[in-house]
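> One structure is given below, represented as structure tokens, and several questions about it will come after.
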Amino acid sequence: MILLIISQINKIIWFQYSSTGCLTCHKTPILKMNDSTYILGSLHYNNNRLRIMLMGIKVKTGITVEWYKAWLSNPDLNLDVSTLTKINDTLIAVGGGHGGCGNNQSCSFFGLFNLKTQNFVWAKYLSSKAIVNSIAYDGNSLVLAVQGYDANSQGAIIKTDLNGNVIWAKQTSFGCSYNDNYIIIPESNGYVVMGIGWWCSNWQPVIYRISLDGSSATLIKGISNNYRAYNLIKDGDGNYVLIGFYEPDGGAYLSKIGPSGNVIYSKRYTANNGFRFYNITLDLDGNYLLSGVTKIGSTDYPIAAKINKSDGSVIWARRWSGAPADQAHNQAKGIIPVKPGKILVSGYLGTSVDNHNGFIVILDSIDCMTSFQVNVNDFALSNWSPSISLSNYSGISNLTLTPYNFSISQTASCSVVPISDNEYKSCNYIIYGSKGFIAIKSENEVNLKIFSISGYKVKEVNIKEGKIKINPGIYIVQIGKDKVKIIVK
């Protein structure tokens, strides 16, 4: 399922299609092509395999789905989309894979996609069990961060040209049972990589720089805390911002680290019955936007939060509800600013933490959004100084991708839609005009303002349910940012 919240008319639509898999394992990246065009990546379940799925959407006053496709692969592999990178206005790099390879020895891919033809120019797969987690474009080449699936399939960094020809490929090791690479950031003197050493003793993040020619690697920062790092960005001040979570204690982490590896600050965030960060990006004002999940009782809600870059304090935190009754485990993954005060969020819907049934897209709106409190504490990082070793990596082959179409059904579940000149409904309230009064029934108490058609405020009340006596006429009723016209006879 896909959830769309269309902000200007405050509409939520569920798109249902065949999908399955682990909520935590998969990503739903969002790529901005221009001010109104965005590409989303996910997966479609077909013939007992996960298939690459892409969707093109327009974001103006709301969200419009323009196209969506999925692809069969030869060899027949379990694949999803984990990363999207813009090359130019026509071409994007796409990569991904699947953590549960099963009997397949290969479960990862990368390729170049043409938006005009809506098809892949070329695609490759890796012979080892792996996931292409991140692709960087340095202006000339593609550089891939690869996560290994098991102890026999270590992580790798791979550099190719725009035709997919390998320039160099290196297997990486931090001396742990599992040595994975998650994020890669291009810089003038190399590529900064965020990896994780699994089961050295904990989940141990490592940030390092690999040279432009792949011949050497230099440690920037190693962390020995049990820290399941999920993403790393470089902010506008040249610092690295690491985010993640630790499952047993239900806390999320954000650590701001200087170019030399010095810790500027590190924070732990908790909320409700559990809290995680999955993704981070820069807002238009330079502060940090994060996506993730919070648990209330037995239900998981997709969330977004804005963090002050200066000190790690929370500017705001929001969660969204409205999922179907059988979708109690919903998580936000991708996040991107659309314009000041407006964000686009993607994620997964699920019946359980280990079983998702589609993905979710949210264009932030006051409608169907609930603010919540987040607790913030300092979180001390313990140093880890692993030796980073590089060795040659091989096993990259051509992959044939064949597009196919599939159906998606749509169901609206939250909207502010005019029914007539004197009745409006949203997912949170219904308001209507009748003979001599305006009536409202709301889930929560709201501040309601009534204006004359010329803009003069006639009344203002805090109300949950009831009737407000008023003379006949045409009025503008405001609840939050929503403004509707009501006729009273």
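> Among the residues of segment 76-90, how many are under 11 Å from Asn133 (Cα atoms) and either acidic (Asp, Glu) or not assigned by TED's automatic domain parsing to the domain that holds Ala145 (or both)?
1
> Another question, then. Could you say which residue among Gly197, Gly164, Gly175 is more than 20 Å from Ser391 (Cα to Cα) and either outside any strand (DSSP E or B) or not polar (S, T, N, Q) (or both)? Show your work before the answer.
Details: Gly197 fails: more than 20 Å from Ser391 (Cα to Cα); Gly175 fails: more than 20 Å from Ser391 (Cα to Cα).
Matching residue, one of Gly197, Gly164, Gly175: Gly164.
> Give the residues of segment 63-86 that are over 20 Å from the mean Cα position of the chain (by Cα) and crowded, with 16+ Cβ neighbours inside 10 Å, sorted by residue number.
Within segment 63-86, Trp71, Leu72, Ser73, Leu77, Asn78 meet the criteria.
> So if I check each of Asn375, Asn357, Asn405, Asn422, which one is at pLDDT 95 or above and in contact with a strand residue (DSSP E or B) (Cβ under 7 Å, 6 or more places away or on another chain)?
Asn375
> Which of the strands (runs of 3 or more DSSP E) contained wholly in segment 43-111 include at least 3 residues that are over 24 Å from Gly347 (Cβ atoms) and at pLDDT 90 or above? So that I can check it myself, show each step before the final result.
Values: elements: 49-59, 63-74, 83-86, 91-97.
In segment 43-111, the matching strands (runs of 3 or more DSSP E) lie at 63-74.
> Shifting gears a bit: Report yes if some residue within segment 144-156 is touching a residue at least 60 places away in the same chain (Cβ under 8 Å) and part of a strand (DSSP E or B); otherwise report no.
Checked segment 144-156: at least one residue is touching a residue at least 60 places away in the same chain (Cβ under 8 Å) and part of a strand (DSSP E or B).
> Quickly run through segment 276-294 and pick out the residues that are touching a Gly at 6+ places or on another chain (Cβ under 7 Å) and either crowded, with 24+ Cβ neighbours inside 10 Å or closer than 15 Å to Leu242 by Cα (or both). Show your work before the answer.
Of the residues in segment 276-294, the ones touching a Gly at 6+ places or on another chain (Cβ under 7 Å) are 276-279, 282, 286, 291, 294.
Arg276, Phe277, Tyr278, Asn279, Leu282, Ser291, Thr294 - these are the residues of segment 276-294 that are touching a Gly at 6+ places or on another chain (Cβ under 7 Å) and either crowded, with 24+ Cβ neighbours inside 10 Å or closer than 15 Å to Leu242 by Cα (or both).
> Give me the pairs, please: first residue somewhere in segment 441-462 and assigned by TED's automatic domain parsing to the domain that holds Tyr429 and closer than 14 Å to Gly480 by Cα, second residue anywhere and small (Gly, Ala, Ser) and surrounded by 11 or more Cβ atoms within 10 Å (Cβ to Cβ), beta-carbon distance under 8 Å, and either six or more positions apart or on two chains.
Val446/Gly480; Asn447/Gly480
This table checks each residue for (1) outside the structural domain of Ile388 (by TED's automatic domain parsing); (2) under 28 Å from the mean Cα position of the chain (by Cα); (3) surrounded by fewer than 23 Cβ atoms within 10 Å (Cβ to Cβ).
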{"residue": "Leu162", "(1), (2), (3)": "no, yes, yes"}
{"residue": "Thr172", "(1), (2), (3)": "no, yes, no"}
{"residue": "Cys176", "(1), (2), (3)": "no, no, yes"}
{"residue": "Asp180", "(1), (2), (3)": "no, yes, no"}
{"residue": "Gly190", "(1), (2), (3)": "no, yes, yes"}
{"residue": "Trp198", "(1), (2), (3)": "no, yes, yes"}
{"residue": "Val206", "(1), (2), (3)": "no, yes, no"}
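> Which ones in segment 223-245 are out of contact with any strand residue (DSSP E or B) (no Cβ under 6 Å at 6 or more places or on another chain) and either modelled with pLDDT under 95 or over 18 Å from Asp283 (Cα atoms) (or both)?
Matches in segment 223-245: Asn225 only.
> Which of the residues belonging to segment 469-479 are more than 10 Å from Gly433 (Cβ to Cβ) and surrounded by 12 or more Cβ atoms within 10 Å (Cβ to Cβ)? Explain how you work it out, then say what you get.
Just the residues of segment 469-479 that are more than 10 Å from Gly433 (Cβ to Cβ), to begin with: 469, 471, 476, 478-479.
Answer for segment 469-479, where residues must be more than 10 Å from Gly433 (Cβ to Cβ) and surrounded by 12 or more Cβ atoms within 10 Å (Cβ to Cβ): Ile476, Gln478, Ile479.
> I would also like to ask the following. How many residues are crowded, with 23+ Cβ neighbours inside 10 Å, under 14 Å from the mean Cα position of the chain (by Cα) and among the β-branched types (Val, Ile, Thr) when one looks only at segment 295-342?
Looking only at that region, the number is 2.
> If you don't mind, another one. Residue check, Trp122 against (1) in contact with a Phe, Trp or Tyr (Cβ under 6 Å, 6 or more places away or on another chain); (2) hydrophobic (A, V, I, L, M, F, W, C); (3) assigned to a strand (DSSP E or B), all met but one. Which one?
(1)
The values are calculated or read from the model by the stated rules, or taken from the named source; none is laboratory data. Fair warning: this is a prediction, and the values are worked out from it, not measured in the lab. Cβ sites come from the backbone with ideal geometry, for glycine too, and all protein chains shown count toward neighbours.
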